[in-house]
Amino acid sequence: MTITLHDTRRGRKVPFEPLKPGEVTMYLCGPTVYNYAHIGNARPAVVFDLLARVLRRRYTLTFARNITDVDDKINQASIETGKPIAEITARFIDAYNADMGVLGVEPPSVEPRATEHIAEMIAMIETLIDNGCAYEAEGHVLFDVGSHPDYGALSKRNLREMIAGSRVEVAPYKKAAHDFVLWKPSTPELPGWDSPWGRGRPGWHIECSAMAGKHLGETIDIHAGGQDLVFPHHENEMAQSTCAHGGAPFARYWLHNGFLSINHEKMSKSLGNVLLVHDLIETVPGEVIRLALLSAHYRQPLDWSDETLDAARRMLDRLYGAVRGIDVPRAAIEKAEPPATLVAALEDDLNTPKAMAEFFAVARELNKAKDPAERQRLAAVMYASGELMGFLGEDPDAWFAGDGADGYSPEAIETLLEERQAARADRDFSRADAIRDELAAAGIVIEDGPEGTSWRRSA
Ligand code: AMP
Ligand code: ZN
């Protein structure tokens with residue numbers, strides 16, 4: 001079985017085949033560092049971290065996730081706060097990495113920063129001018145969209161229709177409304193670098209083209225980002241890189257995650273509903289947030305609410321509840337493999353809902369198993385699955401410890417009661433009694449009645 005991925009350019013799922021056998025290059029557009037990342041920004045970071053983990057099982061992966069540390073929004077933040085730009089970007093780069101780390105996002109192979117690649121950007125812009133794809137006008141350099149017949153191929157836009165429907169204010173120095181900035185002049189108080197076109201700074205799109213080219217080569221396997229980046233950012237990256245590299249294809253597979261909304265509303269400053277990861281992790285465990293972000297398929301929209309988090313919390317309680325109390329040596333986990341069905345689901349365009357269902361199938365099997373060796377084997381499978389997906393990284397007792405003085409959350413108690421019910425149905429009364437005793441020892445009394453089993457904490 002090969003990995004299949006949904007490629008935005010082809011508009012369908014296709015078998016994934018890297019350019020070089022055994023090696024994969026992947027580029028993800030990373031954050032613009034002028035504020036903390038919100039929960040929507042975390043979606044691509046988490047989704048493509050999972051893809052990186054899945055790819056690493058089969059290939060040597062070089063994964064670049066950039067940092068946009070020169071941008072007009074950063075300049076604006078500096079003006080508003082009176083803080084130097086370098087202080088703002090350093091602070092939010094650290095915060096981004098720390099926050100994503102809490103969500104189980106592993107560091108990429110390289111994390112290139114735009115400000116450290118200005119020479120590469122200038123060189124690429126010079127090549128674009130030499131190749132007839134870009135022109136200089138009044139201290140600006142613009143990409144000549146008309147020179148690139150394929151423009152619109154990624155976002156399925158027709159340039160002529162775009163021009164007809166355009167309401168873009170046309171700057172006088174532009175040849176055509178859709179020509180976009182590669183380089184623009186800076187005033188003395190703005191960040192700037194010397195260039196053949198005077199002191200200035202790069203446009204956003206050229207940053208990614210130059211960094212991808214430097215770290216991953218002319219043709220990369222996978223280019224990823226949020227859906228909002230398809231146009232214009234990725235369309236423009238593709239046009240620039242293709243022209244600068246003499247027609248060599250830029251990205252062989254384009255992957256885009258769907259958008260996250262909050263209580264069915266777009267997240268926005270004006271609505272005051274921007275949820276920062278930095279704040280959320282104060283009260284919610286990282287794995288709960290990670291699972292909530294992976295609970296929908298990555299290309300689908302994801303609506304975020306308290307229920308999304310509650311559901312993720314309950315799911316993790318079930319997983320931790322299943323492995324709790326089973327001592328699994330590290331060597332056994334290293335030898336264990338996640339179930340083939342779980343891996344197959346992830347390799348099928350990252351089908352996380354299916355993968356989680358397969359995860360729970362193992363948990364159910366484990367809850368039913370009685371033989372200690374079999375229970376240990378299944379627990380090792382659980383941990384191996386957790387390592388692949390970024391879950392079960394905590395000690396199960398510690399996981400439940402935060403929930404009430406006795407260390408049992410209501411969800412954990414419900415899970416144990418379900419397990420006890422299953423044991424009784426299997427006539428495994430010693431297991432059923434062991435669960436009752438375990439809860440009793442924690443001061444939780446269970447009562448069987450005609451309506452089912454209820455529980456309460458004894459005073
Ligand atoms: P930015 O820092 O705004 O460039 O965004 C960083 C990443 O987050 C990009 O890949 C965006 O596509 C993605 N992104 C921003 N908002 C959302 C959202 N509400 N849902 C999903 N992804 C988002
Ligand atoms: Zn980018």
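The values are calculated or read from the model by the stated rules, or taken from the named source; none is laboratory data. The structure displayed is predicted, hence computed values, not measured ones. Note: ideal-geometry Cβ built from the backbone for every residue, glycine included; neighbour counts use all protein chains shown. These accessible areas exclude ligands, DNA and RNA; they are computed on the full protein's heavy atoms, side chains included. Shrake-Rupley method; radii C 1.70, N 1.55, O 1.52, S 1.80 Å.
Annotations for the structure displayed:
- Residue count for region 193-219, restricted to those that are within 16 Å of ligand 1 (Cβ to nearest atom), among the hydrophobic types (A, V, I, L, M, F, W, C) and open to solvent by less than 20 Å² (accessible area, probe 1.4 Å): 4.
- Within region 240-256, residues that are at positive phi have Cβ atoms under 8 Å from residues that are surrounded by fewer than 22 Cβ atoms within 10 Å (Cβ to Cβ) in these pairs: GLY246/ASN131, counting only partners at least 6 apart in sequence or on another chain.
- Failed item in (1) out of contact with any strand residue (DSSP E or B) (no Cβ under 9 Å at 6 or more places or on another chain); (2) in contact (Cβ under 8 Å) with a residue 24 or more places away in the chain; (3) outside any helix (DSSP H, G or I), with TRP399 passing the rest: (3)
- Segments classed as strands (runs of 3 or more DSSP E), wholly inside region 7-104, with at least 1 members that are crowded, with 17+ Cβ neighbours inside 10 Å and within 16 Å of ligand 2 (Cβ to nearest atom): 23-28, 60-65
- Every residue from region 33-85 that is within 25 Å of THR2 (Cβ to Cβ), of a type outside the set (Phe, Trp, Tyr) and out of contact with any Leu (no Cβ under 9 Å at 6 or more places or on another chain): ARG56, ARG58, THR60
- In region 1-56, of all residues being more than 18 Å from the chain's Cα centre (by Cα) and among the basic types (Lys, Arg), the one that is nearest to ASP228 (Cα to Cα) corresponds to ARG9.
- Exactly one residue among GLU358, GLU365, GLU414 is surrounded by 18 or more Cβ atoms within 10 Å (Cβ to Cβ) and assigned to a helix (DSSP H, G or I), and that residue is GLU358.
- Restricting region 232-286 to residues that are in a strand (DSSP E or B) and among the polar types (S, T, N, Q), the residue that is least open to solvent (accessible area, probe 1.4 Å) is ASN257.
- For region 323-355, the set of residues classified as more than 25 Å from the chain's Cα centre (by Cα) and assigned to a loop (DSSP other than H, G, I, E, B) consists of ARG324, GLY325, ILE326, ASP327, VAL328, PRO329, ALA336, listed by residue number.
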